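Student: Right, I'll just put the structure down here and ask away after.
The values are calculated or read from the model by the stated rules, or taken from the named source; none is laboratory data. What you see is a predicted model; the values in this text were computed from it and never measured. Here the Cβ positions follow ideal geometry from the backbone for every residue, glycine too, while neighbour counts run over all protein chains shown.
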2 protein chains.
Amino acid sequence: MATASDVAKAAGVSISTVSYALSGKRSISATTRDKVLKTAEELGYLPHASARMLAAKRSQIIAVTAPLHQDTDHTVHMQFAMEVTKSARECDYDTLLLVHDDAMEGMRRSAGTALADGIAVLDVDADDPRADLARGLDYPVVFIGIPHDTTGLICVDLDFEAAAALAVDRLADAGHASIGLVSHPRITMDRGSNFPLRFLEGFERRCRERGIAFAVAYPEATSARRAINELLTALPGMSGLILNTGSEVAADAVPALGARGRSVPDDVSVIAAGAAYSTERFAVPLDTIPLDAHASCAAAVDLLVAAIDRGEREPRTVLIAPEYRDFDSVRRAGVAEDVSQASA
Amino acid sequence: MATASDVAKAAGVSISTVSYALSGKRSISATTRDKVLKTAEELGYLPHASARMLAAKRSQIIAVTAPLHQDTDHTVHMQFAMEVTKSARECDYDTLLLVHDDAMEGMRRSAGTALADGIAVLDVDADDPRADLARGLDYPVVFIGIPHDTTGLICVDLDFEAAAALAVDRLADAGHASIGLVSHPRITMDRGSNFPLRFLEGFERRCRERGIAFAVAYPEATSARRAINELLTALPGMSGLILNTGSEVAADAVPALGARGRSVPDDVSVIAAGAAYSTERFAVPLDTIPLDAHASCAAAVDLLVAAIDRGEREPRTVLIAPEYRDFDSVRRAGVAEDVSQASA
DNA sequence: GCCCATCGTCGAAGCGCTTCGACAGCGTTC
DNA sequence: GAACGCTGTCGAAGCGCTTCGACGATGGGC
């Protein structure tokens, strides 16, 4: 490979002039700059990454840690890892994947060896040990997800509580007084996985605030049948359903309601909230409050880059406001009867 | 962070002695080595990654390119990316994710700047442009998947043709003379995605060799219904079925057969081949010829590391022999009648 | 008891880049 | 026209590590 010194010789200037011409960090006459750029182009010059890192004291690499629990949703993870990568590239950073059994070791290593300039943490648990590690590290770390104790941390996530409240409001506004929630499997909740808990809290609080009867079910594996049955037992008059669960269970919800003689949206209005998947190909497309990987990751990378490049390290939690996508799976309560009578 | 120079001072030796004590590349007395190791430990010394890269002319980083087509299976991808990462760590390499729109640019950049020491290429198409790029790069590249023209390339993959033959043989040996194949969606085939084509070829060839009647269907989206219907139209007496398709379609195959009055395995024997998913939780667990991400990735990383560390760059294609996992979803042809009569 | 091989350690030369200070050349300013 | 400030360029000093050659010390062979 051609080096900066080769370019300097060929262009008849000094090495530092080459560096400044390419980086633009000092003014260089247009003539010289063009000559350097042209020569660099001709020689196919690309700066040696390690040399640049060493001299600039910056690797332009962001590490991404994604510990994989057995109940983790690979699709969602991959989406987040990719979105971080894309956003990072836009800021001229590459991403290093850290997916060992020991995420802590990876974080310590990338900080200690200056392999990466900062770390993006995915799949955050409520009592995530990586939070303590980050606090002790004096090193830019951004959490995509929110641990219980956010002291000293920078965190980004969809505002799941607001998303839950938004979903409840939609149904309540449409006159539904009895709402079920299909949440995540017990194993996920028990692990203290963060966002399902926040969603659940938001859901329960808003239901109470608005005097709505509610029930919650925790599905197992990929079927919604049992969860739906439980909800219908607890709330025989359930006319609103919120799904904050994996794509397979969510996709199974409409068939599961169908098996109990309820059609969507005539008998039950349904909203998929905090959904990382699209409901367009579901048996009945559902109103959705999306979990937008792009938005979260872009925000996270921005914060991380600000911390790295501009030293902006003040702890803070950024909650991304939920959006509502209407696919007509919510109907006014009471209107249902007319429709079913009409079609019966 | 402590530097090698700090350690040297504290231990009362020279910098080069520190380096040799830690790397073991020259003999160092036990006394000195222990003193250095102890001091390094105490100071929490970790070698600066960029400095090491620059001096050693090696980054200990492997780039992973995974272009994402819209029909790509994220779950499978993530699995492969992670397996590459795990295997790489065992050889003391980290992995850089390259998932831009322009995979070519990423490859060129990591080679040109010496950011990575080599590249693992995922999701290979038959006429993948990255093949030509790799040929022109003079840089270690390993393909996990097999393009049409493998000249000059190092490739690793499951032996899909052998897997297809193995599946056909199992069914044929059990007396099934009429076998259907559910392949991948047309869009995937048309893109020239590589392994479905190889599987298809292996399937057709072996069926012909053994005089088996066969038919192939290409599903759409996530349902198997149409594909199953097509196969039953083409082969009314179909008693064997091979699934070389995504997990959702595969999971839907047994219900789809059920909808047509066929039960598994009594009426139809079924094998999931080249499956990156587990069939354990399917309505009926299926005999499986797994697509083992770990095996492929471990082999690929070994080849890549050999190419980087030991200069072993001879082109070659490594096909991983298929394995058969029996879950009792294949029965002898003709036995089916007895069973169904008995239970009827 | 001398020579040579071996072992253990050190100093110094880079790796290829960024960046700082210096300074020549030129146009302003009074 | 002397003093001044700009602009554009250069040289050199690192960044922290690896690695090569050198060399004193030790020990075995004769």
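Student: Which condition does residue B:63 not pass, out of (1) closer than 27 Å to residue B:9 by Cβ; (2) touching a strand residue (DSSP E or B) at 6+ places or on another chain (Cβ under 6 Å); (3) of a type in the set (A, V, I, L, M, F, W, C), if it passes all the others?
Tutor: (1)
Student: Does the range A:57-86 hold any residues that are more than 25 Å from residue B:92 (Cβ to Cβ) and more than 8 Å from chain B (Cβ to nearest Cβ), and which are they?
Tutor: The answer is A:69, A:70, A:71, A:72, A:73, A:76, A:80, A:83.
Student: Please find, among A:220, A:209, the residue that is surrounded by fewer than 24 Cβ atoms within 10 Å (Cβ to Cβ), within 14 Å of chain B (Cβ to nearest Cβ) and not hydroxyl-bearing (Ser, Thr, Tyr).
Tutor: Details: A:209 fails: within 14 Å of chain B (Cβ to nearest Cβ).
The match here is A:220.
Student: Answer yes or no as to whether residue B:142 is β-branched (Val, Ile, Thr), under 21 Å from the mean Cα position of the chain (by Cα) and not in a helix (DSSP H, G or I).
Tutor: Numbers: β-branched (Val, Ile, Thr): yes; under 21 Å from the mean Cα position of the chain (by Cα): yes; not in a helix (DSSP H, G or I): yes.
Spelling it out, residue B:142 is indeed β-branched (Val, Ile, Thr), under 21 Å from the mean Cα position of the chain (by Cα) and not in a helix (DSSP H, G or I).
Student: Among the residues in the range B:63-81, are any modelled with pLDDT of 95 or more and within 14 Å of DNA strand D (Cβ to nearest atom)?
Tutor: no
Student: For the range B:178-202, how many residues are of a type in the set (Gly, Ala, Ser) and surrounded by fewer than 18 Cβ atoms within 10 Å (Cβ to Cβ)? Talk me through it step by step, then tell me what you get.
Tutor: The initial filter retains those residues of the range B:178-202 that are of a type in the set (Gly, Ala, Ser), namely B:178, B:180, B:183, B:192-193, B:202.
Restricting the remaining residues to those that are surrounded by fewer than 18 Cβ atoms within 10 Å (Cβ to Cβ) gives B:192.
So the answer is 1.
Student: To continue, here is another question. Restricted to the range A:33-52, and to residues that are of a type in the set (A, V, I, L, M, F, W, C) and touching a residue at least 24 places away in the same chain (Cβ under 8 Å), which residue is nearest to DNA strand D (Cβ to nearest atom)? Reasoning before the result, please.
Tutor: First, the residues of the range A:33-52 that are of a type in the set (A, V, I, L, M, F, W, C): A:36-37, A:40, A:43, A:46, A:49, A:51.
Cutting the leftovers down to touching a residue at least 24 places away in the same chain (Cβ under 8 Å) gives us A:36, A:40, A:43, A:46.
On the way: A:36: 9, A:40: 14, A:43: 17, A:46: 18 Å.
Going through the qualifying residues, I end up with A:36.
Student: State yes or no: is residue B:35 within 11 Å of DNA strand C (Cβ to nearest atom), touching a helix residue (DSSP H, G or I) at 6+ places or on another chain (Cβ under 6 Å) and not assigned by TED's automatic domain parsing to the domain that holds residue B:102? So that I can check it myself, show each step before the final result.
Tutor: Working: within 11 Å of DNA strand C (Cβ to nearest atom): yes; touching a helix residue (DSSP H, G or I) at 6+ places or on another chain (Cβ under 6 Å): yes; not assigned by TED's automatic domain parsing to the domain that holds residue B:102: yes.
Against the criterion (within 11 Å of DNA strand C (Cβ to nearest atom), touching a helix residue (DSSP H, G or I) at 6+ places or on another chain (Cβ under 6 Å) and not assigned by TED's automatic domain parsing to the domain that holds residue B:102), residue B:35 qualifies.
Yes or no, residue by residue, for (1) over 16 Å from the mean Cα position of the chain (by Cα); (2) part of a loop (DSSP other than H, G, I, E, B):
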{"site": "A:148", "(1), (2)": "yes, yes"}
{"site": "A:151", "(1), (2)": "yes, yes"}
{"site": "A:155", "(1), (2)": "no, no"}
{"site": "A:161", "(1), (2)": "no, no"}
{"site": "A:166", "(1), (2)": "yes, no"}
{"site": "A:172", "(1), (2)": "yes, no"}
{"site": "A:179", "(1), (2)": "yes, no"}
{"site": "A:184", "(1), (2)": "yes, yes"}
{"site": "A:189", "(1), (2)": "yes, no"}
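Student: Would you mind stating whether residue A:291 is crowded, with 22+ Cβ neighbours inside 10 Å, in contact (Cβ under 8 Å) with a residue 24 or more places away in the chain, closer than 28 Å to residue A:83 by Cβ and touching a helix residue (DSSP H, G or I) at 6+ places or on another chain (Cβ under 7 Å)? Spell out the reasoning first.
Tutor: On the way: crowded, with 22+ Cβ neighbours inside 10 Å: yes; in contact (Cβ under 8 Å) with a residue 24 or more places away in the chain: yes; closer than 28 Å to residue A:83 by Cβ: yes; touching a helix residue (DSSP H, G or I) at 6+ places or on another chain (Cβ under 7 Å): no.
No; evaluated as a whole, the condition is false for this residue.
Student: Quick one: in the range A:11-32, of everything that is of a type in the set (Ser, Thr, Tyr) and surrounded by fewer than 16 Cβ atoms within 10 Å (Cβ to Cβ), which residue is farthest from DNA strand D (Cβ to nearest atom)?
Tutor: Narrowing the range A:11-32 to residues of a type in the set (Ser, Thr, Tyr): A:14, A:16-17, A:19-20, A:23, A:27, A:29, A:31-32.
Filter again for surrounded by fewer than 16 Cβ atoms within 10 Å (Cβ to Cβ), leaving A:14, A:16, A:23, A:27, A:29, A:31.
Working: A:14: 4, A:16: 3, A:23: 12, A:27: 3, A:29: 4, A:31: 6 Å.
Top of the filtered list is A:23.
Student: Working only within the range B:30-55, note down all residues that are more than 14 Å from chain A (Cβ to nearest Cβ), more than 14 Å from residue B:12 (Cα to Cα) and of a type in the set (S, T, N, Q). Don't jump to the end; show me each part of the working.
Tutor: Residues of the range B:30-55 that are more than 14 Å from chain A (Cβ to nearest Cβ), as a first pass: B:30-39, B:42.
Next, from what is left, pick out any that are more than 14 Å from residue B:12 (Cα to Cα): B:30, B:42.
None; the set is empty.
Student: Of these, B:2, B:11, which one is more than 13 Å from chain A (Cβ to nearest Cβ), more than 8 Å from DNA strand C (Cβ to nearest atom) and among the hydrophobic types (A, V, I, L, M, F, W, C)?
Tutor: Details: B:2 fails: more than 13 Å from chain A (Cβ to nearest Cβ).
Being more than 13 Å from chain A (Cβ to nearest Cβ), more than 8 Å from DNA strand C (Cβ to nearest atom) and among the hydrophobic types (A, V, I, L, M, F, W, C) holds for just one of B:2, B:11, which is B:11.
Student: Looking at the structure I just gave you, is residue A:30 among the small types (Gly, Ala, Ser) and either near DNA strand C (Cβ under 10 Å from one of its atoms) or under 29 Å from residue B:97 (Cβ atoms) (or both)? Even if it seems obvious, please write down each step before you answer.
Tutor: On the way: among the small types (Gly, Ala, Ser): yes; either near DNA strand C (Cβ under 10 Å from one of its atoms) or under 29 Å from residue B:97 (Cβ atoms) (or both): no.
Answer is no for this residue.
Student: Does residue A:134 satisfy being part of a helix (DSSP H, G or I), modelled with pLDDT of 95 or more and under 25 Å from residue A:298 (Cβ atoms)?
Tutor: Working: part of a helix (DSSP H, G or I): yes; modelled with pLDDT of 95 or more: yes; under 25 Å from residue A:298 (Cβ atoms): yes.
It is true that residue A:134 is part of a helix (DSSP H, G or I), modelled with pLDDT of 95 or more and under 25 Å from residue A:298 (Cβ atoms).
Student: Go through the range B:275-321 and give me each residue that's within 14 Å of chain A (Cβ to nearest Cβ) and at pLDDT 95 or above.
Tutor: First, the residues of the range B:275-321 that are within 14 Å of chain A (Cβ to nearest Cβ): B:276-283, B:285, B:293-294, B:297, B:301.
Correct list: B:297, B:301.
Student: Specify the residue that is surrounded by the fewest Cβ atoms within 10 Å (Cβ to Cβ); the eligible residues are those in the range B:87-121 that are facing another protein chain (nearest Cβ under 7 Å) and more than 22 Å from residue B:52 (Cβ to Cβ).
Tutor: B:100
Student: So, in the range B:253-274, how many residues would count as being without any contact (Cβ under 8 Å) to a residue 60 or more places away in the chain, surrounded by fewer than 24 Cβ atoms within 10 Å (Cβ to Cβ) and either within 14 Å of chain A (Cβ to nearest Cβ) or closer than 29 Å to residue B:321 by Cβ (or both)?
Tutor: 2
Student: If you go through the range B:294-313 one residue at a time, how many are small (Gly, Ala, Ser), touching a residue at least 40 places away in the same chain (Cβ under 8 Å) and more than 20 Å from residue B:79 (Cβ to Cβ)?
Tutor: 1
Student: When the residues of the range B:39-62 are narrowed to those that are surrounded by 13 or more Cβ atoms within 10 Å (Cβ to Cβ) and more than 15 Å from residue A:113 (Cβ to Cβ), which ends up nearest to DNA strand C (Cβ to nearest atom)?
Tutor: It comes out as B:39.
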